[in-house]
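Notes to accompany the following structure.
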Amino acid sequence: MSKKAVLRIGDQEVELPVVIGSEDEPAVDIRSLRKETGYVTLDPGYVNTGSTRSAITFIDGENGILRYRGYPIEELAERSNFVETSYLLIHGELPTPEEYEQFRQRLRVHSMIHEDMKHFYDGFPSSSHPMAIISAMTLGLSTFYPEAIDPTLDEETDLTVCRLLSKVRTIAAFSFKKSVGQPFVYPDNSLTYCGNFLHMMFKVPAESYHVDPEVERALNLLLILHADHEQNCSTSTVRMVGSAQSNLFACIAAGICALWGTLHGGANQAVLQQLSAIQKNDNDVKKFVELAKEKESGVRLMGFGHRVYRNFDPRATIIKEACHRLLNHLGIEDNLLDIALELEEVAVSDPYFIDRKLYPNVDFYSGIMYRAIGIPTNMFTVMFALGRLPGWIAHWLEMQEDPDNRIHRPRQIYTGELSRPYPQ
Ligand code: CMC
């Protein structure tokens, strides 16, 4: 017999169904609560609220487990590449060699953006934050593909998915070129997905550019690690906007905006800024950790803590190792890495961080890798967005097919004035 939860409110008693996920995660289905009792639930930040059933990503925060479609993140990081992982997230299964080739080919042929889109860049000041540019340009893509505005799933959707995966990469690289005043470099479709991105970022017409396979590997790894993270803020935003039957371009643009915040994807930029500030302050790590513990200071240790991981973030463990490998390969000695290592050591042995279960997250070491690759600090969150694209897309697609999907419309507990007359 299936389990029920019983909720008693005064004299009222209501039975609520219990739902169990495939990894035995239990939940109480409160859908009928308001109808049966007049009550709603209050859960700021949705800490206890499951907004959907999803078969894409599994996280066990207590044990530091992350799996995409059942595959452990460690194995994907070691053996997959970003294109294959994107396919896995979006289609639910690893591709056969033919499916992989077909997908790769589609990403290849859709790498360019419409020439008219290049003019959009002229309107942005060169000091623009690239996150603003990529969000605006992603939405701008919808104006070139009006047939994709209808969110109904059909063959057009597959095309839209490939266009997004391929073109947002070009848009991101162009936004970098704009910020440094260099000419846009067109994609070279003979290169791999990541190789092509590096080419568009770092090639200049006056010089030849060779994609370093180790750098390409590092980039694949970083993008894979960022590719999905179930119902995080930006993914929930994509689903929220999508629940209104908005088109995929609009939903992804909204997701990019949510990701920009420093408590979310913007943390990777903030980490590097914090490490640089410590460097300027005589490398005084301990003083900084003390500051982060004082609530009144308003300072948080960026790249530390996570809503779901209460042990360690498996992505951080992988990135830390990859960071050493990349810096060794490139022969870079980065004092910021030394500061980061010391900062981690001091924080993880401090009772404040231990008691609150705060450990380094995915953003703590990723910035040092991006910096070693030559990606400027204000592009870090753009890199996160590129990685998260397949995850956002997979969630949007899953939502479109979910019979439980309804427009997202939370309730509130009104705490304002009671009805009063307008002054005569
Ligand atoms: N530095 C100092 N104190 C912290 C930190 C931190 N980084 N993170 C949490 N705390 C404290 C917080 O002050 C609170 O203390 P108390 O219980 O005494 O009031 C306690 O730990 C719990 O924090 P919370 O804000 O209730 O936790 P949350 O689950 O709402 O927030 C978080 C999670 C990631 C927003 C938060 O840990 C944070 O602000 N971290 C820094 C920003 C960051 O690195 N974000 C990237 C997250 S990973 C990538 C992504 O998802 O985008």
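What follows is calculated from the coordinates using simple rules that are stated; it is not laboratory data. Note that the coordinates shown come from a computational prediction; the quantities given were computed from them, not determined experimentally. No Cβ is skipped: glycine too gets one built from the backbone with ideal geometry, and neighbour counts run over all protein chains shown.
Once both labels are positioned 7 Å from their Cα atoms along Cα-to-Cβ, the gap between L330 and Y414 label points is 5.6 nm.
Ordering I319, I56, I332 from the fewest to the most neighbouring beta carbons within 10 Å gives I332, I56, I319. Residues of region 193-217 with backbone nitrogen within less than 11 Å of a virtual label 7 Å along the Cα-to-Cβ line of V180, please, listed as ranges. Flagged as within label range: 199-205. Other residues with beta-carbon under 14 Å from the beta-carbon of K293 carry, at +1 per Lys or Arg and -1 per Asp or Glu, a net charge of 0. Among I354, I278, I20, the largest mean-square fluctuation in a Gaussian network model of the chain (Cα springs under 10 Å) belongs to I20.
Evaluated at q = 0.13 Å⁻¹, the base-10 log of the normalised Debye intensity for region 82-173, with identical point scatterers placed on the Cα atoms, takes the values -0.50.
Which shape class, rounded, prolate or oblate, goes with region 135-185 when its Cα gyration tensor gives a ≥ b ≥ c as root eigenvalues, a/c under 1.5 marks rounded, and past that a/b bigger than b/c marks prolate?
It comes out prolate by the Cα gyration axes.
If the chain linking E62 and Q105 were pulled fully straight, counting 0.36 nm for each residue of separation and taking away their Cα-Cα distance, it would gain 11.5 nm.
Report the local net charge at S349: Lys and Arg +1, Asp and Glu -1, summed over other residues whose C-beta lies under 15 Å from its C-beta.
Taking every other residue near S349 into account, the sum is -2.
The protection proxy used here, the mean number of other Cβ atoms lying within 10 Å of each residue, ranks peptides 79-87, 199-207, 247-255, 3-11 as follows, highest first: 247-255, 79-87, 199-207, 3-11. All Cα-Cα distances of the chain, cut into 20 Å bins from zero to the largest, leave 24, 54, 20, 2 percent in each bin in turn.
Karplus-derived 3J(HN,Hα) values for region 209-226, using 6.51 cos²θ - 1.76 cosθ + 1.60 with θ = phi - 60°, are 9, 10, 6, 6, x, 5, 5, 4, 5, 4, 5, 3, 4, 4, 5, 4, 5, 9 Hz; glycine and proline are entered as x. Taking other C-beta atoms within 10 Å as the exposure proxy, D158, D404 rank D404, D158 from fewest upward.
Size of region 43-138: Rg and Dmax of its alpha carbons, in Å, are 18.8, 49. What net charge is computed for the residues neighbouring M200, neighbours being all others with C-beta under 11 Å from the C-beta of M200, Lys and Arg scored +1, Asp and Glu -1? Result for the local shell: +2. Based on C-alpha pairs under 8 angstrom that are at least 6 apart in sequence, the chain has a relative contact order of 20 percent.
What the phi angles of region 310-318 give under the Karplus curve with 6.51, -1.76 and 1.60, with θ = phi - 60°, is a coupling list of 10, 10, 9, 8, x, 5, 5, 4, 5 Hz, glycine and proline written as x. For the pairs K280/K357; K167/K320; K280/K320; K295/K357; K295/K320, flag any whose C-alpha to C-alpha distance is greater than 26 Å. Those over the limit are K280/K357; K167/K320; K295/K320.
The calculated FRET efficiency for the pair K4 and S128, based on their C-beta separation and a Förster distance of 60 Å, comes to about 0.65. Only Cα pairs under 8 Å and 6+ residues apart enter the sum, and on that basis the relative contact order of region 215-272 stands at 26 percent. For region 220-337, the Cα-based Rg and Dmax, in that order, read 17.2, 53 Å. Normalising the average separation of contacting C-alpha pairs (under 8 angstrom, six or more residues apart) by the number of residues puts the relative contact order of region 168-264 at 18 percent. What residues qualify as long-range amide H neighbours of G266, i.e. H under 5 Å apart, gap of 5 or more or another chain, H built at 1.01 Å from N? Amide H to amide H, under 5 Å and 5 or more residues apart or across chains, G266 pairs with G261. The phi-based Karplus calculation (6.51 cos²θ - 1.76 cosθ + 1.60; θ = phi - 60°) puts the 3J(HN,Hα) values of region 397-414 at 5, 4, 5, 4, 9, 7, x, 7, 5, 9, 4, 6, 8, x, 8, 9, 10, 6 Hz, whole numbers, x for Gly and Pro. With semi-axes defined as the square roots of five times the eigenvalues of the C-alpha gyration tensor, the equivalent ellipsoid of region 376-424 measures 40, 23, 8 Å, largest first.
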